[in-house]
Structures are given as structure tokens and as C-alpha cells.
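Notes to accompany the following structure.
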Amino acid sequence: MSGSATAVMPVVSAPRTSYWKRNQRKLAPWLFLAPGLLMFLIYVIWPIGNSIWLSFFDWDGLGEKTWLGLDNYAELMDDENFYISLKNNVIWLVLFMLAVPAGLFIAIFLNQTVTGIRIYKSLFFFPFVISQVVVGLIFSWFYAPNFGLLFKLIEWVTGTGIAFLADPDYVTYALVAAGLWPQIAYCMILYLTGLNNISPDQIEAARLDNASGWRMLWYVIIPQLRPATFIAIVVTVIGALRSFDIVSIMTDGGPFGSSRVLSFYMYEQALSEYGYRMGYGAAIAVVLFLIMMIFITGFIWKMVNDERSGG
Amino acid sequence: MKLKTKSVILGFAAASLLATAATAQQRVLKYNADYDPIPLKAMEELIADFEAANPDIDVQLTNFDHEGYKTAIRNFLTADAPDLANWYAGNRMAPFVNAGQFMDVSDVWEDNGLKDSLGSALASMTIDGKQWGIPYTYYQWGIYYNRDAYEAAGVELPGDDGVSWDQFVENCEKFKAAGIDCLTTGTKALWPGAGIFDYMNLRTNGYEFHMDLTAGKVEWTDDRVKATFAEWAKIQPYITANHAAIDWQDAAALLVQGKAAHYVMGNFAVGVFKQGGMTDENLGFMVFPEITAGIPRAEEAPTDTIHIPAGASNVDDAKKFLAFLASAEAQTKWNAAQGQLPINKNANVNEDDPFLVAGFEMLSTAEGGIAQFFDRDAPAEMAKVGMEGFQQFMVQPDQLDNILERLEKARQRIYK
């Protein structure tokens, strides 16, 4: 605020200074922002506009585009596969949220001083470090009929094995379980750093007031972990909505499309071997974008609010 | 051309003059392909032969990864067209033909009498009465079986003519009793299931109907389609239960281990069976059984092809290469290395390979016609929806009506 006063000063004393000198303070932030903004425009805003525009056409990527208006969206409303994908996205979103409490639980469990705890911490963090593709492969072997560990185990206990990835009723849950493994590790590490910042005075004070166990956790620890919880929820929501790699590696959307999610369906329609319906794929992308926007707007709104009340 | 040579020579130092002049005399023929290592080597040998016969042509082969090629071709045809490009016959080439990306090569067919020598593939290379490429190889589909599994289940081995459909279904019950999957498949990637459908439909309704169906001229809710699925339902309980979760190679392992008796597959699977330890002794091949009596026997043999992109710069030499590749000698040589069947009827097959001999015999006597495979006969979008339907039918046969309605809805949208 004091900056504007000093910026005005030279204008009064030397009226013939250049435009740059006079507006330096106002222009500087934009100049610093310019490279980032330019990239953002070219690589984010322009493609978004472009795919929205594309969603009004029928185009195979080679020939002429034909204008369809809202036909792609009308077809989407009548497309069984779209609703299956949407339903699976909801399952992903809801069940993926388990990563947050599970991560918190493991973090609290690991937040103690025992010899070798660093090794345990790194072991728990390990699944987040390996690629999603590898996680998908490991789990598809785990579930694999005939030789998979889980399949054999169920066969040993009940007599008949269950091939989770071949069963349209179970397949999405099996995929979410695979996705949760690295996601829990991610939430755990967020909470571990959060736990380091908990003020010991408050815990001491709570102890003196005779708080312990669940009450201590609920009223003293968790409120202090709010920033970590916020970030954990954000990354989990985003992780659930872009759950593409696990689906692609483990089932390819199968059996008969029952494990598709929107992002995968979009890829299938627009870019896969049997697809090349660019317009229809773009329409799916737009719907996914709108769903994501709901969450993103919510998060941004909360962050801005926090900053206002905090600052 | 001469002007270019001049400027090239002028532009370079005298030291490189000799070399430049040498390459400038050669005309470059750019060829984009998607070969695996063994066929790549075979093609490189063919190219060497071609260059030896045409010293003024330099063939530059750019090899792509097989899966990546399917995407890459869409880019390079428009952006940076080579003079030759690999692709597939049937409806698979239709999008490129209709978009004007492939060149009409009917004159190559006329000038070299290919309509006679490559006659078996003429129909699948023709769109709008013109030919759009040269087929150089195909391979048969049929039923591969494990003789040891027959022995284990106490089932009589099929004779030279295979078995009747009723006998096949009856055998399936015996295999089931012995704890062996009568028919195995792995439909994680969808396409193996389409092989079963194609044969069920070809045997129940014949070639013409199958082609009309894949061309979108018949409704999927037609009674004849339902008849096909009714026959399929007879063997559905005997198909490997978790096929939707396994790849075709995993199913091949089941056949090798004797946990499954039959496998509807293409001849390329023989290599996998043999790697798994099977030999000509216990691996058998038979023609898919006749279902509706009296229907001319049609077979399935996907054909690989080479085309000239519309944007090619060296069309004359590209046509020369196509003519060379259509010849009996070239096709004999390439297919011997790859273990597949030549299209040219004057070419020879390796007499020591019982599966090639059986396939050649089967295809050359297929009076009904030769289908390409569901995902090449039907347009890509229909293929995808269809193959998902077939997979679902093999898991949930009670959903048949839903599946057929969905396919019919897709047909009405896709074939406009």
C-alpha cells in the first residue's frame, strides 16, 4: 500500500519521466506473470476452448468436420455406456475418500519413536513412489484367475476362486482397491508432515485437562491437521477423477465396458484403435470438465475464503 | 530431377561429389511398415532382392511399433506421406479409401494379371469396383486342439474331416465331466471372442449373410442372428469361465497345459503353443464344424496389405514394388520366413509344416468365401461395440436380448 505513494512521487517531481518509469510498479507483476500466463493460455485455455468447439462436430480426425450442434450431447444422454462410466466415476470418488482416514490412521500409527521407524515409514510410502502402471500390473496379477494370489486364496477358502476383473459387478471395486494402495500412502505422508507441526503445548494442556484417546484425537489433534486434511481431500478427489491408468492397464475398460470411467471412455471414443470419434470424445471431455469444475470451484472458493479470514 | 542433381552437386564440396552423384542417380522409395522382428527381417531380404533387380531404386523402410502404427498412419498419411504403407484389407481400409488417402492401384492388378493370381483376396481389396492395395499374406483361423486333453477325458480324436457340430457339443460335456474346459479363449483384448462369433455365424447363416451383417445391411435383432447365438449358447457353458480377465496368451497356456481342449485361434498362435512345449504330435488343427447342413464352407483369413498413399511422391516405383510383392516368388519367400500363407495361388507353402499345409488346403477349398475377421469386415466402431457384446454374451448369456438391442442401436447410428 505504501508502494503507490512512492510511485506517485517521481511523477510530481519530474513530469517528463517515461511511461515505463511511471507505471513500473503496476507493470512489473504482469511482466513476471507473462511467461506463465502465456503458457497457460496456449496449453490450457486454448485446448479447453478447442475441445468444447470440437464437441459440436462429427470428425474422424482425417476427413471433413460436419457440424452437429448439440447432437453429440443428445446422444450422450441416451448412451448406456456413458451412464456406466458416470456411475463408476461416482464409485471411484466415494470409495477413494477412504484414503484420507486410512492415511491418517497409518500416519498416527507411524508417528512414534521406535528404532527403525524410518524404514517402516519408507516402506509404507513405497507404493506412492512406484508408477501407477506398475501398481496396476501388480494388482492384475494379484487378481489373475488360475495363478493370482487372491484368486488362489479365495479358492483355498471357499472352493471356487473369484476372478474379480472378469466380473462386471466387482470389477470397479477391485480397481478402486488397487488405486487406493498408492493413494493411502500419499495421504499418509501428508498427515505425517502435519503431525510434525502439531504444537506440543496444546497436547500438554489437553493432558492436564485429562483428555486422552479418541477425545484427544478428535478435539485436539484433528483440528490442528486441518490444512493437511484439506490438501489430502483435494488430491484424492482429483486422483479419483483422473483414474485412467489403472483402468487402462488392468481391464482396458472391460469386461464389456463395465469398468470404464469417463476419462477412459473419452480416450476410447476419441483416440483408441476402434474410436476416432473426436467430436463425441470431446463431448465426454466437456462433461468431465464440468464435473471437475464443481469440485475445483469449491476448493478455490474455500481457499480464498480462508485466506481472507486468515489474512 | 536433373536440375536438382545439379544444384546438389554445386552445393557440396568436391570431395563428396562422387558419393552425391551415386545417390542422386537412385530414386528413393519411402516405405512405412509395422513389422515384428521376424517378418521385418523377411521384408528386408525381399527389399534387398528388389533393389538388386532395380539398382536405380533405393527403398527406405521405416519400421513402426505394431500398435503405435495404427495411430501413426493417420498422421503421416496427411502430413508426410511415404510412397508405400502397410495396412489391412476389407473394411479396415475403407476410412482411408473414402477419405482419398489411398491411391487406386487397379492398373497394377490389370497389368500383372493379379485378378487371377491373387483372386482369393480380390473381393476384400475392392471398394467401388477398384483395387486399393496389394495383399501379400494371410493366415487361417480354425480350431486348435490338444490331443492329450482328448486322451485325458477319454474322448475319441476328431478325424480328418473334423467332427460334426452335435458331436462337438457332446464332446464338450465329456470334457466338462473330466474337469477340462472344452473351449478356451481370452477376451481381455476383446478380439479373440469375435473369432468365435464369426465362425458361429458363418456356419449357421453362411458367408453372404455374414458379410451383409458386418456391412450393416441386416438388423442385429434379426431371427437369423438369434439363431447364431442359439447355437453359440450350446457351447457357452463349456467356455473357460474367466475368459474376460485373461489375454489370449494366457488362454494358450491353458491349452498347452491340457486344462483346455480347443481354442478358436489364428495360425500365429502355433508359435506360442510350441514355445509352451507342444509339438506336432499333440497339437491338432481342425476346420470349424458345420452347423447348418449344406451351407458352402466359408473361412476366416485376415489379410495384410501394402498401399500407395495418395500423397506419395514416387508413384511409378511404388507400383513397381507392388507388382514385385504380388509375385509368386516374393510371396513364397516372405511367407516361408513368417510361417503364413501366400495369397498368390502359384506360390508354394512349406510342406513340412502341417498347420500351414492344412490351412492352405482349407482356404483353397473354401467355396463359400473368405472373411477378413470381424474387426476388419465391420467398421471400427461397430467392431468395438460388437466385440463387447460377444464378450458379454459369453459371460451373461441371459442378457442376449439387451445385447442385440444395443448392437442394433449402434448399427443404426454407425451405418448412415
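The values are calculated or read from the model by the stated rules, or taken from the named source; none is laboratory data. Everything quoted here is computed from the prediction, not taken from an experiment. Here the Cβ positions follow ideal geometry from the backbone for every residue, glycine too, while neighbour counts run over all protein chains shown. In case anyone asks, the SASA skips ligands and DNA or RNA and just uses the protein heavy atoms, side chains included. Shrake-Rupley method; radii C 1.70, N 1.55, O 1.52, S 1.80 Å.
What does the structure give for A:99-109 when I average, per residue, the other chain Cβ atoms found within 10 Å of the residue Cβ? Please list the in-between numbers first.
Details: counts 0, 0, 0, 0, 0, 0, 0, 0, 0, 0, 0.
Mean shielding by partner chains, rounded to a whole number: 0.
Taking a point 7 angstrom from the Cα of A:N305 along the C-beta vector, which residues in the range A:92-128 have backbone N less than 15 Å away?
It comes to no residues whatsoever.
If you fit an axis through the alpha-carbon atoms of helix B:328-338 and take the longest principal axis of the Cα set of chain B, what angle between them do you get, 0 to 90°, nearest 10?
Computed tilt is about 60 degrees.
Quick one: Karplus J couplings for the range A:167-173, per residue in order, coefficients 6.51, -1.76, 1.60, θ = phi - 60°, nearest Hz, x for Gly and Pro?
3J(HN,Hα) across the range A:167-173, in whole Hz: 9, x, 7, 9, 4, 5, 5.
What total accessible surface area, summed over both chains, is buried at the interface between chains B and A, computed with a 1.4 Å probe and given in Å² to the nearest 100?
So the buried area, both faces added, is about 2400 Å².
Report the gain in length on full extension from B:Q399 to B:V169: 0.36 nm times residue separation, minus Cα-Cα distance, nm rounded to one decimal. Display every interim value, and only then the final one.
On the way: separation 230, 0.36 × 230 = 82.80 nm, distance 2.19 nm.
Length gained, B:Q399 through B:V169: 80.6 nm.
What relative contact order, as a whole-number percentage, does the range B:296-416 give when Cα pairs under 8 Å and 6 or more residues apart are counted? Walk me through the numbers before you get to the answer.
Working: 97 pairs, mean separation 33.4, N = 121.
Normalised by residue count, the contact order of the range B:296-416 is 28 percent.
On a straight-distance basis, which aspartates and glutamates could pair with B:K259 in a cross-link, Cα separation under 13 angstrom, same-chain partners fewer than 8 positions away excluded?
In chain and number order, the partners are B:D148, B:E151, B:D181, B:D250.
Just order A:150-157, A:162-169, A:175-182 by mean Cβ neighbour count inside 10 Å, highest at the front, would you? Mind showing how you got there, number by number?
Values: A:150-157: 14.5, A:162-169: 20.9, A:175-182: 22.8.
Ranked from most to least packed, the peptides come out as A:175-182, A:162-169, A:150-157.
For the range A:71-310, what does the accessible surface come to per residue with a 1.4 Å probe? Please give it in Å².
Working: 12590 Å² over 240 residues.
Per residue, the range A:71-310 has an accessible area of 52 Å².
What is the percent carbon and sulfur in the accessible area of chain A, measuring with a 1.4 Å probe over the protein chains and ignoring ligands?
69 percent
In the full protein assembly as shown, how much of B:K333 is accessible to a 1.4 Å probe, in Å² to the nearest 10?
Counting only protein heavy atoms, the figure is 90 Å².
Compute, for A:M292, the solvent-accessible surface of its heavy atoms (probe 1.4 Å) with the complete set of protein chains present, and express it in square angstrom to the nearest 10.
Near enough 50 Å² of accessible area.
Can you figure out the FRET efficiency of A:R226 with A:L38, using R₀ = 41 Å and their beta-carbon distance, to the nearest 0.05?
Between A:R226 and A:L38 the formula returns 0.70.
Going from most exposed to least, what order do A:S309, B:S120 have by accessible area with a 1.4 Å probe?
A:S309, B:S120
Just give the residues from the range B:212-245 buried by at least 30 square angstrom of accessible area in the all-chains context relative to the isolated chain, probe 1.4 Å, and say none if nothing qualifies.
Buried on complex formation: B:N242, B:A244, B:A245.
Taking 50 Å² as the minimum loss, tell me which residues in the range A:58-97 lose that much accessible area going from the chain by itself to the full protein complex (1.4 Å probe).
Buried by 50 Å² or more upon assembly, which counts only protein chains, are A:L62.
Taking all protein chains in place and a 1.4 Å probe, what share, in percent, of the accessible surface of chain B do carbon and sulfur account for? Walk me through the numbers before you get to the answer.
On the way: 8560 of 17020 Å².
The value for chain B is 50 percent carbon and sulfur by accessible area.
Suppose we compare each residue of the range A:247-264 in its chain alone and in the full protein complex with a 1.4 Å probe; which ones drop by at least 50 Å² of accessible area?
Output list: A:F256.
So which of A:K65/B:K320; B:K130/B:K384; B:K188/B:K409 end up more than 30 Å apart by C-alpha?
Listed pairs above 30 Å: A:K65/B:K320.
For B:D161, B:D49, A:D78, what's the largest-to-smallest order of accessible area, 1.4 Å probe?
B:D161, A:D78, B:D49
Would you kindly derive the ³J(HN,Hα) couplings of the range B:97-106 from the backbone phi angles with the Karplus curve 6.51 cos²θ - 1.76 cosθ + 1.60 (θ = phi - 60°), listing them in order in whole Hz, with x for Gly and Pro?
5, 5, 7, x, 8, 9, 8, 5, 10, 4
Using amide H atoms built 1.01 Å from N in the peptide plane, name the residues 5+ places from B:G369, or on other chains, whose amide H lies under 5 Å from its own.
The answer is B:E299.
Relative contact order, percent, of chain B when contacts are C-alpha pairs under 8 Å separated by at least 6 residues?
Reported as a whole number, the value is 26 percent.
Determine the calculated [θ] at 222 nm for the protein assembly as shown from helices alone, applying -39500 (n - 2.57) to every DSSP H run no shorter than 4 residues and normalising by the residue count; nearest 500 deg cm²/dmol.
-18500 deg cm²/dmol
With a 1.4 Å probe and every protein chain left in place, work out the accessible area per residue of chain B in Å², rounded to a whole number.
Here the residues of chain B average 41 Å² of exposed surface.
From the phi angles alone, apply the Karplus equation (6.51, -1.76, 1.60; θ = phi - 60°) to the range A:83-89 and give each ³J(HN,Hα) in whole Hz, x where the residue is Gly or Pro.
Couplings: 5, 4, 5, 4, 4, 5, 4 Hz.
Can you give the relative contact order of chain A as a percent, counting alpha carbon pairs under 8 Å and 6+ residues apart?
Values: 332 pairs, mean separation 77.6, N = 311.
For chain A, the relative contact order is 25 percent.
Order the following by accessible area, largest value first: B:W109, A:W214. Probe radius 1.4 Å; ligands, DNA and RNA are ignored.
So the residues, ranked largest to smallest area, are A:W214, B:W109.
I'd like the accessible area for A:L195, computed on protein heavy atoms only with a 1.4 Å probe and all protein chains in place. Round to 10 Å², please.
That residue has around 20 Å² of solvent-accessible surface.
Classify the protein assembly as shown as rounded, prolate or oblate from the Cα gyration tensor: take a ≥ b ≥ c as the square roots of its eigenvalues, call it rounded if a/c is under 1.5, otherwise prolate when a/b beats b/c and oblate if not.
Note, shape of the protein assembly as shown comes out oblate.
Which far-off residues, 5 or more places away or on another chain, put their amide H under 5 Å from the one on B:R27, with H placed in the peptide plane?
When sequence neighbours closer than 5 places are left aside, the close amide H contacts are B:I57, B:D58.
Treating the Cα atoms of the range A:71-310 as identical point scatterers in vacuum, please give the log10 of the normalised Debye intensity I(q)/I(0) at q = 0.09, 0.15, 0.18 Å⁻¹, two decimals.
Debye intensities relative to I(0), on a log10 scale: -0.50, -1.10, -1.31.
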